[in-house]
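These notes are about the structure you will find just below.
The values are calculated or read from the model by the stated rules, or taken from the named source; none is laboratory data. Just so it is clear, the structure is predicted and the values come from calculations on it, not from any experiment. Using ideal geometry, Cβ is built from the backbone for each residue, glycine included, and neighbour counts are taken over all protein chains shown. For the accessible areas, the whole protein counts, side chains as well, though only heavy atoms, and no ligand, DNA or RNA atoms are used. Shrake-Rupley method; radii C 1.70, N 1.55, O 1.52, S 1.80 Å.
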Amino acid sequence: MADKEKVSSQVEERIKKLEVLEGQGIDPYGQRFLRTGSIKKLREKFDSLKDEQIDKAEVQIAGRLMLIRGHGKAVFADLHDSSGKIQLYLKLDVLGQAQFEVSRLIERGDIIGVKGPLFKTRTGELTVKVEKLTVLAKALRPLPEKWHGLRDIEVRYRERYVDLIVNPKVKEIFLKRSRIITLIREFLNQKGYLEVETPMMQPIPGGAKAEPFATYHKALDTELFLRIAPELYLKRLLVGGFEKVYEINRSFRNEGLSTRHNPEFTMLEVYAAYGDYRLMMDLTESLINFLAEKTSGSSEISSGDKSINLSPPWKRVDFITAIKEKVKIDFNEITTLEKSKEAAGELDLNLTGEETRAEIMVSIFDKFVQPKLIEPTFVTDYPLELTPLAKAKRERQELAERFELFINGQELANAYTELNDSRKQKARLLSQLKKQAGKKKKLDEDFLKALEYGMPPAGGLGIGIDRLVMLLTGCSSIREVILFPQLRPEK
């Protein structure tokens, strides 16, 4: 029988059982159920005690039925809630005929509540002797078979609710993700940073080079954009006198899907007045090491067959030197576009011929350098033309005070010494607009006005939360760490 036909047949059988329950005057989608505690708390209290020490303690718990064993007048079953599982013992002469008949109509996947005393079996398993059973939600669709589980990756992402039920490791990933975000707040709050919220709908999308999602506000009769990044609003707060701010934000970029990109993603952005990109480096390595130690108990993490040490200090190398180390091309000596094209011509790069010198360097870096940066590495001092919102290095005006952090061949963070000269900022943004001719881009005059009131020197940092969670959980795809990732429409 084909899988769909099998499921359809099982659904029909479950509906019949539901109708029998209703025919007996039982509501198969019950009301509020008061519990004496979670299964985890029960286990913490009673697991270490002997049967005679438990003294038939009465409990009332609820959860999803996951495994049923035995037939006839006595049945064992496993009940799961969000904290763990416990064994149930359902016996005819304890439940009584009517309730035992109800137990015959429940099956794997149903949500039930039970009441009864605790005891331990001969094997020492903590068990509830069920004296009362309440049906709380009759499941009409069967869960995937125990030994096969939900393995189809596409189905797992589309039906994450089922994935969470049958794959305990998946639930652990998202519990860890929540813990990571809580710890980020704890770390930054202790250092005196203030958590803020800035607009997700913006009249001018700014702060990053990307395609925005557009929407329309009827009452205001205006086009708005889902934010690409919160950067320019957070800098306005520095102007307003907040010296240390951060936002854990949802941002949106109208771009393709991949194992490292989702159009809706979570970012951490941090700004510190009177700082620079060096301060942000120190903050980044101490934050990520703190998260690893708190969530895994060690600075050593695993990714596939690799072990990565996150203990500070991390390697710091400038962009041009990083390229020279890997491909033996020194862009300190190759300073013209023509010679840069000649150098790139010897490499297997997919270039159009219209790239600038800086764009050629980035293409080389992306292909030959980034994949080899396994241990934590700060790559610093990028070409200024790639970073219109960053300050130039005093000693080399063609370079920006910027770093990107790479771990396990993946970019995790991006930071600048923020440009706070309104005149230079306006000139850079205007130059960028000219390069993006034909695209619906506008100059953010209000941001420039804010800079004219004076913004203190500052360091700014962005960390991709989704990629950070990938690193700390050992996941290889961003879809594994986003509860409901964006997927292509089903055919």
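If the requirement is being touching a Lys or Arg at 6+ places or on another chain (Cβ under 8 Å), over 25 Å from THR295 (Cα atoms) and open to solvent by 40 Å² or more (accessible area, probe 1.4 Å), which of these qualifies: PRO212, PRO199, PRO205?
From the options PRO212, PRO199, PRO205, the qualifying one is PRO199.
Would you mind stating whether SER296 is farther than 22 Å from LEU399 by Cβ and modelled with pLDDT under 95?
Yes.
Output the number of the condition that ARG122 fails; it satisfies all remaining conditions of (1) at pLDDT 95 or above; (2) under 28 Å from LYS56 (Cβ atoms).
For ARG122, the failing item is (1).
Are there any pairs, at least 6 apart or on different chains, whose C-beta atoms fall under 8 Å, with the first in the stretch 237-261 and β-branched (Val, Ile, Thr) and the second open to solvent by 70 Å² or more (accessible area, probe 1.4 Å), and if so, which?
VAL239/TYR453; VAL245/LEU194; VAL245/GLU195; ILE248/ARG185; ILE248/GLU195; THR259/SER476
I'm trying to understand the selection: among the residues of the stretch 216-253, which are among the hydrophobic types (A, V, I, L, M, F, W, C), open to solvent by 30 Å² or more (accessible area, probe 1.4 Å) and assigned to a strand (DSSP E or B)?
Residues satisfying the conditions are LEU226, ILE248.
For a quick check of your reading of the model, give me the residue pairs whose first member lies in the stretch 192-205 and is over 12 Å from ILE248 (Cα atoms), whose second is among the acidic types (Asp, Glu) and open to solvent by 50 Å² or more (accessible area, probe 1.4 Å), with beta-carbon atoms closer than 8 Å and at least 6 apart or on different chains.
Partner pairs satisfying both residue conditions: PRO203/GLU223.
Out of VAL239, VAL270, which single residue is farther than 29 Å from ARG479 by Cα and among the β-branched types (Val, Ile, Thr)?
VAL239
Which condition number does SER82 fail, the rest of (1) of a type in the set (Gly, Ala, Ser); (2) free of Cβ contacts under 8 Å to residues at least 24 places away in the same chain; (3) open to solvent by 70 Å² or more (accessible area, probe 1.4 Å) being met?
Every listed condition holds for SER82 apart from (2).
Please tell me if GLY30 is modelled with pLDDT of 95 or more and either closer than 20 Å to VAL166 by Cβ or buried (at least 16 other Cβ atoms within 10 Å of the Cβ) (or both). It would help to see each step written out before you state the result.
Numbers: modelled with pLDDT of 95 or more: no; either closer than 20 Å to VAL166 by Cβ or buried (at least 16 other Cβ atoms within 10 Å of the Cβ) (or both): yes.
It is false that GLY30 is modelled with pLDDT of 95 or more and either closer than 20 Å to VAL166 by Cβ or buried (at least 16 other Cβ atoms within 10 Å of the Cβ) (or both).
Taking the condition of being closer than 13 Å to ILE320 by Cα and either open to solvent by less than 20 Å² (accessible area, probe 1.4 Å) or not acidic (Asp, Glu) (or both), how many residues in the stretch 382-401 meet it?
Within the stretch 382-401, residues that are closer than 13 Å to ILE320 by Cα and either open to solvent by less than 20 Å² (accessible area, probe 1.4 Å) or not acidic (Asp, Glu) (or both) number 6.
Would you point out which residue out of LYS326, LYS341, LYS367 is assigned to a helix (DSSP H, G or I), in contact with a helix residue (DSSP H, G or I) (Cβ under 6 Å, 6 or more places away or on another chain) and either under 26 Å from PRO457 (Cα atoms) or among the basic types (Lys, Arg) (or both)?
LYS326
Please enumerate the residues belonging to the stretch 326-355 that are acidic (Asp, Glu), open to solvent by less than 100 Å² (accessible area, probe 1.4 Å) and either modelled with pLDDT under 90 or over 36 Å from the mean Cα position of the chain (by Cα) (or both).
Correct list: ASP330 only.
Residues that are touching a Gly at 6+ places or on another chain (Cβ under 7 Å): list the helices (runs of 4 or more DSSP H) wholly contained in the stretch 1-112 that include at least 1 such residues. Walk me through it before giving the result.
Details: elements: 3-23, 39-46, 51-54, 92-95, 97-104.
Output list reads 39-46.
Looking at ASP163, ASP152, which is the one that is closer than 30 Å to GLN10 by Cα and buried (at least 16 other Cβ atoms within 10 Å of the Cβ)?
ASP163
Got at least one residue in the stretch 446-460 being over 12 Å from the mean Cα position of the chain (by Cα), modelled with pLDDT under 95, surrounded by 12 or more Cβ atoms within 10 Å (Cβ to Cβ) and not hydroxyl-bearing (Ser, Thr, Tyr)?
No, there is no match, as no residue in the stretch 446-460 is over 12 Å from the mean Cα position of the chain (by Cα), modelled with pLDDT under 95, surrounded by 12 or more Cβ atoms within 10 Å (Cβ to Cβ) and not hydroxyl-bearing (Ser, Thr, Tyr).
Somewhere in the stretch 111-131, is a residue in contact (Cβ under 8 Å) with a residue 12 or more places away in the chain, of a type in the set (Val, Ile, Thr), open to solvent by 20 Å² or more (accessible area, probe 1.4 Å) and over 19 Å from LYS73 (Cα atoms)? It would help to see each step written out before you state the result.
In the first step, residues of the stretch 111-131 are kept if they are in contact (Cβ under 8 Å) with a residue 12 or more places away in the chain; the result is 111-121, 125-131.
In the following step, the residues that additionally are of a type in the set (Val, Ile, Thr) were identified as 111-112, 114, 121, 127-128, 130.
Still in the running and open to solvent by 20 Å² or more (accessible area, probe 1.4 Å): 111, 121.
Keeping just the survivors that are over 19 Å from LYS73 (Cα atoms) gives 111.
Within the stretch 111-131, one or more residues are in contact (Cβ under 8 Å) with a residue 12 or more places away in the chain, of a type in the set (Val, Ile, Thr), open to solvent by 20 Å² or more (accessible area, probe 1.4 Å) and over 19 Å from LYS73 (Cα atoms).
How many residues, within the stretch 147-161, are in a loop (DSSP other than H, G, I, E, B) and modelled with pLDDT of 90 or more?
Residues flagged as in a loop (DSSP other than H, G, I, E, B) and modelled with pLDDT of 90 or more within the stretch 147-161 amount to 1.
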